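The block underneath contains the structure these notes are about, expressed in structure tokens.
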Amino acid sequence: MTKRSVFRAVALSLVVLAFTVSAQQPAKVPIVGVLMVMAAPDDPVVPAIREGLRQLGYVDGTNIRIERRAAQNQFDRRPQLAAELIALGADIIVVGGEPPARAARQASSTVPIVIVSFDHDPVASGLIDSFNRPGGNVTGIFARTSELVGKRLELLKEVLPKASRVAVFWDVLSARQLQELEPAARALGIQLERIELRGTYDFAAAFKTAKRKKVDAVILLFSPMFTQQRVRIASLALESKLPTIYQEEAPVSAGGLMSYGPSINDMFPRAAYYIDRLLKGAKASDLPMEQASTFKLVVNLKTAEALGLTIPQSILLRADKVIR
């Protein structure tokens, strides 16, 4: 065998070895970080994202990996958790709301951020440049839910025509919604009793205050803390014999009376569309943001019966879902 033949044989062996080693190395599984303000064990956010991804061919733990972090209402932990997701090698970060989005953007100006926001105008707040071309590394889905709080008050009035005093449970995360609710209450001739939740979020004390103020019903503004405590709130509302209305469906499934607004089960699966596009090379700066346009009315007839209420047929006919 000539030297040239030996050289060719060695070179061919090295090429084959390189391909073999490359084939043996597992492909990198993309990591999707999820950063939330709050998260309970039965939180619907990650399952909703998983379902959206499944429909696009992604399976968590197989060809994609989801890592969730939640500040559990400790706002000062958000930057730390965002930095933790970046350190893990997150390819994309999905965030629930404006504060986590800002924490994620502070942690990285290059990792794409998909925001799902229920009460936030990202252009007005300066988070993006425009809805059609967001610029920077943030895109996603948003809903101007503050504009719907008046509609929820109208629904309460339709169920309780004689209602003149309504308690409103709010916290620091829902202050913008409270501002929108006040003119709607004046137009309907309803006096609002503002009950702020903070610190330990003592809902038992909040309902006692509502009863003492002789309110006819309670409207709960959208807050992750309220969603997390939905079972406890529904139980206390029934004990207090107070009808409740919410933005999202989950508290009604837990025993609340009614809800009207965009659904977590619709908006978070839509985040999967953005994840898929970004993993395939699209840039967040070029992906237009979407505004939620589908709002669901959900009524729990079992709760109505327990409260001794008759839901008007006009509402039942408009309801997207009736729990019997």
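The values are calculated or read from the model by the stated rules, or taken from the named source; none is laboratory data. Remember, it's a predicted structure, so these values are computed and weren't measured experimentally. Neighbour counts run over all protein chains shown; Cβ positions are idealised from the backbone, glycine included. Surface areas here come from the heavy atoms of the whole protein model, side chains and all, with no ligands, DNA or RNA. Shrake-Rupley method; radii C 1.70, N 1.55, O 1.52, S 1.80 Å.
So that you can scan it fast, the table gives a plain yes or no per residue for (1) polar (S, T, N, Q); (2) over 15 Å from the mean Cα position of the chain (by Cα); (3) farther than 21 Å from Asp121 by Cα:
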position: Ser240; (1), (2), (3): yes, yes, yes
position: Pro243; (1), (2), (3): no, yes, yes
position: Glu248; (1), (2), (3): no, no, no
position: Ser263; (1), (2), (3): yes, no, no
position: Ala271; (1), (2), (3): no, no, no
position: Leu278; (1), (2), (3): no, yes, yes
position: Ala282; (1), (2), (3): no, yes, yes
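How many residues does segment 178-192 hold that are of a type outside the set (Val, Ile, Thr) and open to solvent by less than 50 Å² (accessible area, probe 1.4 Å)?
Residues of segment 178-192 of a type outside the set (Val, Ile, Thr): 178-189, 191-192.
Next, from what is left, pick out any that are open to solvent by less than 50 Å² (accessible area, probe 1.4 Å): 178, 181, 184-185, 192.
Qualifying residue count, segment 178-192: 5.
I need the full set of residues from segment 135-151 which are within 16 Å of Ser293 (Cα to Cα), touching a helix residue (DSSP H, G or I) at 6+ places or on another chain (Cβ under 9 Å) and surrounded by fewer than 24 Cβ atoms within 10 Å (Cβ to Cβ), in order please.
Ile141, Ser146, Glu147, Leu148, Lys151
Just name the residue that is farthest from Asp216 (Cα to Cα) out of those in segment 292-306 that are open to solvent by 30 Å² or more (accessible area, probe 1.4 Å), in contact with a helix residue (DSSP H, G or I) (Cβ under 7 Å, 6 or more places away or on another chain) and of a type outside the set (Ser, Thr, Tyr). Steps first, answer last, please.
Taking segment 292-306 as the starting set, the residues that turn out to be open to solvent by 30 Å² or more (accessible area, probe 1.4 Å) are 293-296, 301-302, 305-306.
Right, trim to in contact with a helix residue (DSSP H, G or I) (Cβ under 7 Å, 6 or more places away or on another chain) and you get 294-295, 306.
If we keep only those that are of a type outside the set (Ser, Thr, Tyr) too, we end up with 295, 306.
Values: Phe295: 25, Ala306: 15 Å.
Only one residue tops the list, namely Phe295.
Just name the residue that is most open to solvent (accessible area, probe 1.4 Å) out of those in segment 59-77 that are over 19 Å from Glu98 (Cβ atoms), in contact with a Gly (Cβ under 9 Å, 6 or more places away or on another chain) and not polar (S, T, N, Q).
Our first condition is that a residue be over 19 Å from Glu98 (Cβ atoms); within segment 59-77, this holds for 59-67.
With the extra rule that they be in contact with a Gly (Cβ under 9 Å, 6 or more places away or on another chain), the set shrinks to 63, 66-67.
Still in the list and also not polar (S, T, N, Q): 66-67.
On the way: Ile66: 23, Glu67: 38 Å².
Restricting to residues being over 19 Å from Glu98 (Cβ atoms), in contact with a Gly (Cβ under 9 Å, 6 or more places away or on another chain) and not polar (S, T, N, Q), the top hit is Glu67.
Take the conditions at pLDDT 75 or above, under 29 Å from Gln229 (Cβ atoms) and buried (at least 23 other Cβ atoms within 10 Å of the Cβ) and apply them to Ala48. Does it pass?
Numbers: at pLDDT 75 or above: yes; under 29 Å from Gln229 (Cβ atoms): yes; buried (at least 23 other Cβ atoms within 10 Å of the Cβ): no.
No.
Residue-wise test of (1) open to solvent by less than 20 Å² (accessible area, probe 1.4 Å); (2) more than 26 Å from Pro99 (Cβ to Cβ).
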{"position": "Asp171", "(1), (2)": "yes, no"}
{"position": "Arg176", "(1), (2)": "no, no"}
{"position": "Arg194", "(1), (2)": "no, no"}
{"position": "Ala206", "(1), (2)": "yes, no"}
{"position": "Thr209", "(1), (2)": "no, yes"}
{"position": "Ser223", "(1), (2)": "yes, no"}
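Test Asp129 against the criterion of being under 21 Å from Pro288 (Cβ atoms) and open to solvent by 40 Å² or more (accessible area, probe 1.4 Å), and give yes or no. Reasoning before the result, please.
Values: under 21 Å from Pro288 (Cβ atoms): yes; open to solvent by 40 Å² or more (accessible area, probe 1.4 Å): yes.
For Asp129, the condition - under 21 Å from Pro288 (Cβ atoms) and open to solvent by 40 Å² or more (accessible area, probe 1.4 Å) - is met.
Answer yes or no: is there a residue in segment 273-293 that is assigned to a strand (DSSP E or B) and touching a Ser or Thr at 6+ places or on another chain (Cβ under 6 Å).
Of the residues in segment 273-293, the ones assigned to a strand (DSSP E or B) are 290-291.
So of that shortlist, the ones also touching a Ser or Thr at 6+ places or on another chain (Cβ under 6 Å) come out as none.
No, every residue in segment 273-293 fails to be assigned to a strand (DSSP E or B) and touching a Ser or Thr at 6+ places or on another chain (Cβ under 6 Å).
Per-residue answers, yes or no, for (1) closer than 20 Å to Val231 by Cβ; (2) of a type in the set (D, E, K, R):
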position: Ile264; (1), (2): yes, no
position: Tyr274; (1), (2): no, no
position: Arg277; (1), (2): no, yes
position: Asp286; (1), (2): no, yes
position: Ala292; (1), (2): no, no
position: Lys302; (1), (2): yes, yes
position: Gln313; (1), (2): no, no
position: Arg324; (1), (2): yes, yes
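Of the residues in segment 265-277, how many are open to solvent by 20 Å² or more (accessible area, probe 1.4 Å) and out of contact with any Leu (no Cβ under 7 Å at 6 or more places or on another chain)?
Going through segment 265-277 one residue at a time, the tally reaches 5.
Within segment 93-150, which residues are at pLDDT 95 or above, of a type in the set (Ser, Thr, Tyr) and in a strand (DSSP E or B)?
Thr139, the sole residue that qualifies.
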